[in-house]
Amino acid sequence: MLLPDKTVLASYLRRYRLWEDLVHAEPRDPARRRRLEDVAYTLCVLTGRRTAREAVTAAESYLARR
């Protein structure tokens, strides 16, 4: 299986956390929710996981490895 570039994965993980915080601040903003969903989808593709939570966990684990 191909592994994602750690720099790219770290960047998307930061974006995910940023948009997650923004959605929590304004949960009814559809533009923010769509952006979070887009970033979550990319994280899922990069990690080969089905859910955003699984993708975040996998990304954190992969980035913690040397």
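The values are calculated or read from the model by the stated rules, or taken from the named source; none is laboratory data. Please read all numbers here as calculations on a predicted model, not as lab measurements. Cβ: placed from backbone, ideal geometry, glycine included. Neighbour counts: every protein chain shown. What goes into the accessible areas is simple: the full protein's heavy atoms, side chains included, and nothing from ligands, DNA or RNA. Shrake-Rupley method; radii C 1.70, N 1.55, O 1.52, S 1.80 Å.
Here the accessible area is traced with a 1.4 Å probe on the protein chains. For the chain, carbon and sulfur cover 52 percent of it.
In debye to the nearest 20, how big a dipole does the chain give about its Cα centre with +1 on each Lys and Arg Cβ and -1 on each Asp and Glu Cβ?
On the way: 14 positive and 9 negative charges, 24 e Å.
In total the dipole reaches around 120 debye.
Per residue, how much accessible surface does the chain expose to a 1.4 Å probe? Answer in Å², no decimals. Please list the in-between numbers first.
On the way: 4930 Å² over 66 residues.
Ligands and nucleic acids excluded, the figure is 75 Å² per residue.
Relative to the 2.2 N^0.38 Å rule of thumb, the chain has a C-alpha radius of gyration ratio of 1.11.
Would you work out the relative contact order for the chain, in percent, from Cα pairs under 8 angstrom that are 6 or more residues apart?
Values: 51 pairs, mean separation 22.0, N = 66.
Answer for the chain is 33 percent.
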